[in-house]
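Trainee: Here it is: the structure, laid out below.
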There are 6 protein chains.
Amino acid sequence: MIGTPQKLAVIAPHPDDETLGVGGTIARFAAEGCEVSVLIVSGHLPPIYPPEAFQTTRREAEEAMAVLGVARTEFLEIPATMVHERPVAELNGAITRFLRSSDPEMVLLPFPDRHIDHRVIFDASVVACRPVRPSAPKLVFAYETLSETHWNVPGVEPSFVPEVFVDISSYMGTKETALACYASQLHEAPSRSVDACRALARFRGSQNGCHFAEALKVVRIVI
Amino acid sequence: MIGTPQKLAVIAPHPDDETLGVGGTIARFAAEGCEVSVLIVSGHLPPIYPPEAFQTTRREAEEAMAVLGVARTEFLEIPATMVHERPVAELNGAITRFLRSSDPEMVLLPFPDRHIDHRVIFDASVVACRPVRPSAPKLVFAYETLSETHWNVPGVEPSFVPEVFVDISSYMGTKETALACYASQLHEAPSRSVDACRALARFRGSQNGCHFAEALKVVRIVI
Amino acid sequence: MIGTPQKLAVIAPHPDDETLGVGGTIARFAAEGCEVSVLIVSGHLPPIYPPEAFQTTRREAEEAMAVLGVARTEFLEIPATMVHERPVAELNGAITRFLRSSDPEMVLLPFPDRHIDHRVIFDASVVACRPVRPSAPKLVFAYETLSETHWNVPGVEPSFVPEVFVDISSYMGTKETALACYASQLHEAPSRSVDACRALARFRGSQNGCHFAEALKVVRIVI
Amino acid sequence: MIGTPQKLAVIAPHPDDETLGVGGTIARFAAEGCEVSVLIVSGHLPPIYPPEAFQTTRREAEEAMAVLGVARTEFLEIPATMVHERPVAELNGAITRFLRSSDPEMVLLPFPDRHIDHRVIFDASVVACRPVRPSAPKLVFAYETLSETHWNVPGVEPSFVPEVFVDISSYMGTKETALACYASQLHEAPSRSVDACRALARFRGSQNGCHFAEALKVVRIVI
Amino acid sequence: MIGTPQKLAVIAPHPDDETLGVGGTIARFAAEGCEVSVLIVSGHLPPIYPPEAFQTTRREAEEAMAVLGVARTEFLEIPATMVHERPVAELNGAITRFLRSSDPEMVLLPFPDRHIDHRVIFDASVVACRPVRPSAPKLVFAYETLSETHWNVPGVEPSFVPEVFVDISSYMGTKETALACYASQLHEAPSRSVDACRALARFRGSQNGCHFAEALKVVRIVI
Amino acid sequence: MIGTPQKLAVIAPHPDDETLGVGGTIARFAAEGCEVSVLIVSGHLPPIYPPEAFQTTRREAEEAMAVLGVARTEFLEIPATMVHERPVAELNGAITRFLRSSDPEMVLLPFPDRHIDHRVIFDASVVACRPVRPSAPKLVFAYETLSETHWNVPGVEPSFVPEVFVDISSYMGTKETALACYASQLHEAPSRSVDACRALARFRGSQNGCHFAEALKVVRIVI
């Protein structure tokens, strides 16, 4: 009864968040005929990162998007940790324009977590998805990002407690291939390795009776 | 992308809860070809109610079910306010049998609220919907019941804060006709009149850009 | 036992929020002899709005305030969506000065919701109401604003779950007349029409046994 | 603006809970002319306690009630820890009868905490206070009981986070005198001594700018 | 600074919960010299289970306890799903006696989740751990049980959001060996396989920088 | 089993927060041989305060630190209420450098409360404590600050509901002596007097069976 959406839009704070969070969902829906658009809001840019860092991760992102079957990728190129310094109306406007041009039934947003950019982008994205027009998206969800999402402080900051599970059992391999494109971002440390990603997908699967799953928190569903 | 379910099961604590909570959703899905089954767990039976009270509300329920287009209605006939005195395994078993025989994709449960029967039936129903078999329902939601649901104590008991809205703009009339069948249950008092139902549907609609809506809280969605 | 306050102060982020949220309460208390002061913090000003937009809504607000019986209205004239760019101490100071000059027993604040201005003004207002002086207000509440308040994300952002209900059954007409003054702000769309306002008041009334009510969340009560 | 209620009803699970929780509020309102009724639901009865234990605490309660200025005290005499074994409708009925006979504007209930009797009595009392009749009480609050209330598990069970503070600066002495009547219940241990009570009242006072206060959580206020 | 406790007590609702939840923690502390006691409250007994089921799981539990290095195991033998039918004071008493005889610094309790026995035993155990005596345990935590704990309904029932992580990287093998003893309980299904356990431990490790971890929620810590 | 940490770091928004919140814990651990470092992030500086105000409170802080036995105190000298205007990466960097140089097992942070500086510093400190390096602190807690922490709005902003209690019965006198050093900050008003501090410590003690305690909320514990 919940079938494949015709068009899906994913908002990612930084390159790799979309793959960590919903790489399997993207791969599955794309394989089932969905047109997937990805907006990458921020990037590894000066002053925190050297100029070449952005080019590296952008190239990695483009490879990963190809693996997943993404139809269109857009980069806003706002420097990391500085997203909240832009005027609110400007960021809201940029995300709104992306959503209007991709016209999705389903939108996937980053959960507002330890990383300040994730919080600001979550807020601007929910504003952009308000049901104030008949064309507003009908299915809006937030996804988890390994490590950052699980570093919110329990009882003080919102916890990611998902209600929605996407069965990605047949797409776990594709997700891992896409993750492997991000050589500059993933490492051996336990907090963000490919192995930890696989374990998380296995755990999310165990919550709803399938082998691998990605978990989502509902922002709004209109049926 | 979220289409009409092929089979829908609704668990109602007492006759009228299903119409108050999701009468419009039932009417819409039935009109769209869905096979709807309703289980009414408790009833207006002795010792709290006189013996004829149950027969009255049962007759009213059957009329309302006909208006809404329900395919099958089952009554467990447990006396009101005494549901929690049954052995847990017995109630779980009865609900599980109902779900197996109706084999739904979508299940709608009462929210655990001021009425003790609603809490006990919510709990047993969630147990019966656990994803422990491939045939477990993929879409499980809780619905609100005017008055009882809004008498939970804020900050102490769970609040009904919905994420899902079903557009019932074309079925509000049918819902009101079904409500009118429950002559013994609805009254002029502000807390549970047909007018209050209509206002609630209008308010829920205003939250997501449609004229009338019913609101649901997600228990689990597997895509 | 809770009688009419002698002086009431209402903080509104933008013109119309005070009427949408607590127009009935203002009208009732004013009719009962209370001196009501309203502070409108932000406005439809450049760069987001054309210069004449502010004059239009200001004129509309003054008419609405006259309908409701407000004794004094003050406009801070900070451009919409830019309230958070002011120094924190400056906004706190402006609200504190307004409260000292109006010296209220009861203060009504906007709930911190989807609109960033509402969040910033809520925070500054709660700071201004801290019980650090004997003259601090004894009754501080937050009110809901149709649409924005109900677009917070459940389980992630705070939900408006009210504990206080003001019976406005005799003042619903006055509230609707005041709303009608805001011709530039209200529209036919379901999310913010006069009809949706009426439905919300009807629903809030059904929660506590009266015909129409406005709902509040307690910030602090000192008896 | 919040004046003294004409009639106040207090529901206490066991003798001493009413004094620990709201002894100062009772003393203040009684001194200001309010008619106070107290219902003590459970007691130190067999099988957990020896038969004479109930007589001792009943005598102590009657002395304490005299100190506080309570007009009427009623004892339901249900054995401690066994309240939940009574039929739900019977307990609801007993509390409803008490409320109808005392006809209060304000009702004070125990918070649902570590002690199972407190939870069951809270639930039954909130049912009895539902706004289903014009005579339903307009002001319903829950109070804290030193030790038990603060033993709820954070993040798992509801926390007592009060919004209402009653200034009992002039009645702290009376509260301590009433507490001293409960010789069999209070002890030197830190968790429930007179000294700990005084410290709690001092802390609650510091939250709202007065010397001693009792704190309440709002169940419902209708203005 | 948090060293190995001298004595640890674990309360398990049914045989296998202790190993699923904290098998690695038990194994690590036992290896480091801690005396571990386990209380298994309920069991696979009639009327829900055939008489031999209890003997099977008891034998399995004893093998698993030997693998983990548990010093003492006690079985209360209350039939599964019927724990809440015992008088509250009796269950509280049985757990209190177990805790007094094992005299632990640290106690591990089941989280109150989808399984009704887990809720009732959590409540009784927290009562038994109240800090009313100098000998009360200083470190009390709740643990998660794969599948049941993650079937609580988000936003309605408490979520397991842990703050404490025990590094079990060197004891993951021992935990898996102990799990393997429960041949009658574990299965190939995704929700409760050894593989899902390993994935959960890997995910919990990723939250705090170690390879495998078990997660706990704090009930109380006294330093 | 939880012994004295070898090194403790305390982050204080303004001079006196560290003593109000955890003066007893600092004094106890210092007396037991722990090396305590304190970072005071903000100060009473222009434009809100006159230039000499900072020198006064700095002198008071140095005296208080000597009383408590603090080994090292560092002042970042950011003007009060302006902490959030600094680039996020700069504040995160300053706190990270302080933590690396003091290399603590345990870190104590301010709770994110009514004061905007407390929120910003809490966030930056939790970022600085992320478990991304083997040297990350194993024990991270948030402490309460009398008045500000208890002015968060219940049900809207996070409440301080502590799980950890440090027995400071033998160090209450030292804490009061240190508090007395802050002559410019403490006053007779009920919200922040030495007497209110003592009452809070007494109440926190009553929650866990000791005479005086300081309460903490867990951010993360790795065992």
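Trainee: To the nearest 10 Å², what's residue D:59's accessible area with a 1.4 Å probe?
Mentor: 140
Trainee: Suppose we take every Cα in the stretch A:42-110 and form the convex hull; what volume per residue is that in Å³?
Mentor: Details: hull volume 6.9 nm³, N = 69.
Expressed per residue, the convex hull around the Cα atoms of the stretch A:42-110 is 100 Å³.
Trainee: Name the chain D residue nearest the rotation axis between D and A, going by Cβ position, and give the distance in whole Å.
Mentor: For chain D, the closest residue to the axis carrying it onto A is D:155, 2.
Trainee: Turning to a different aspect of this structure: Keeping the other protein chains in place, figure out the carbon and sulfur percent of the accessible area of the stretch E:113-222, with a 1.4 Å probe.
Mentor: 53
Trainee: Which entries of B:217/F:217; B:217/F:138; D:217/F:138; B:138/E:175; C:175/D:217; C:217/F:217 show an alpha-carbon separation above 28 angstrom in the structure shown?
Mentor: Pairs exceeding 28 Å: B:217/F:217; B:217/F:138; D:217/F:138; B:138/E:175; C:175/D:217.
Trainee: Where only protein heavy atoms count, and the probe is 1.4 Å, what is the accessible area per residue for the stretch E:85-155 in Å²?
Mentor: Using a 1.4 Å probe on heavy atoms only, each residue of the stretch E:85-155 averages 29 Å².
Trainee: Given an 8 Å cut-off on Cα distances and at least 6 residues of separation, report the relative contact order of the stretch B:100-223 as a percent.
Mentor: Dividing the mean separation by the residue count of the stretch B:100-223 yields 29 percent.
Trainee: Now for a different question. Do the sum for chain F: with -39,500 (n - 2.57) for every DSSP H run of n ≥ 4, divided by all residues, what is the mean residue ellipticity at 222 nm, to the nearest 500 deg cm²/dmol?
Mentor: After summing the helix terms and dividing by the residues of chain F, the value is -12000 deg cm²/dmol.
Trainee: Another one. Considering the zone a paramagnetic label at residue E:31 would reach in this model (a point 7 Å from Cα along the Cα-to-Cβ line), which residues of the stretch E:1-15 have amide N under 16 Å from it?
Mentor: Label zone hits: E:4-5.
Trainee: Roughly how many Å² of residue E:60 are accessible to a 1.4 Å probe, to the nearest 10?
Mentor: 20
Trainee: How far is residue E:105 from itself in the other copies, in nm, if each label sits 7 Å out from Cα along the Cα-Cβ line, shortest first?
Mentor: 1.2, 5.7, 5.7, 5.8, 5.9
Trainee: Follow-up. Could you check how much of the accessible area of the stretch B:1-101 is carbon and sulfur, as a whole percent, using a 1.4 Å probe?
Mentor: Summing carbon and sulfur atoms, their accessible area is 49 percent of the total for the stretch B:1-101.
Trainee: Tell me, what does the Kirkwood hydrodynamic radius of the protein assembly as shown come to in angstroms if you use every pair of distinct C-alpha atoms? Before the final figure, lay out each step's value.
Mentor: On the way: mean 1/r = 0.0312 Å⁻¹.
Result for the protein assembly as shown, one decimal place: 32.1 Å.
Trainee: I would also like to ask the following. Per residue and in Å³, how big is the convex hull formed by the alpha-carbon atoms of chain F?
Mentor: Per residue, the Cα convex hull of chain F comes to 123 Å³.
Trainee: Also, quick follow-up: Enter the mean number of other protein chain beta carbons within 10 Å of the beta carbon of each residue in F:81-89, as an integer.
Mentor: For peptide F:81-89, the averaged partner shielding equals 4.
Trainee: Could you estimate the translational diffusion coefficient of the stretch B:163-223 from the Stokes-Einstein equation, with Rh from the Kirkwood formula over C-alpha pairs, at 25 °C and 0.890 mPa s, in whole µm²/s?
Mentor: On the way: Rh = 12.6 Å.
After rounding, the answer is 195 µm²/s.
Trainee: Name the residues of the stretch F:103-122 whose accessible area falls by at least 20 Å² when all protein chains are present instead of the chain alone, probe 1.4 Å?
Mentor: Residues shielded by partner chains are F:105, F:114, F:116, F:122.
Trainee: Along Cα→Cβ at 7 Å, what distances in nm separate the residue A:4 label point from those on the other copies, shortest first?
Mentor: Relative to the other copies, residue A:4 has label-point distances of 2.4, 5.6, 6.7, 6.7, 7.5 nm.
Trainee: Shifting gears a bit: Can you give the mean number of other chain Cβ atoms that lie within 10 Å of the Cβ atoms in peptide E:206-215? Kindly include the intermediate steps, with their values, before the conclusion.
Mentor: Numbers: counts 14, 11, 12, 11, 5, 3, 2, 3, 1, 0.
Rounded to a whole number, the mean comes out at 6.
Trainee: When the accessible area of each residue in the stretch B:1-18 is compared between its chain alone and the complete protein assembly (1.4 Å probe; ligands, DNA and RNA ignored), which residues differ by at least 40 Å², being lower in the assembly?
Mentor: B:1, B:2
Trainee: Computed on protein heavy atoms with a 1.4 Å probe, what is the summed buried accessible area for the chain pair B and E, in Å² to the nearest 100?
Mentor: Values: alone 9990 and 9990 Å², together 18810 Å².
It comes to approximately 1200 Å² buried between B and E.
Trainee: While we're on this one: Let me know the mean shielding of E:160-173 by other chains, meaning the per-residue number of their Cβ atoms within 10 Å of its Cβ.
Mentor: For peptide E:160-173, the averaged partner shielding equals 4.
The values are calculated or read from the model by the stated rules, or taken from the named source; none is laboratory data. From a predicted model like this one, the values you see are computed outputs, not experimental measurements. Heads up, the Cβs are rebuilt from the backbone with ideal geometry, glycines too, and the neighbour counts pull from every protein chain shown. Just the protein is used for accessible areas: all its heavy atoms, side chains included, with ligands, DNA and RNA removed. Shrake-Rupley method; radii C 1.70, N 1.55, O 1.52, S 1.80 Å.
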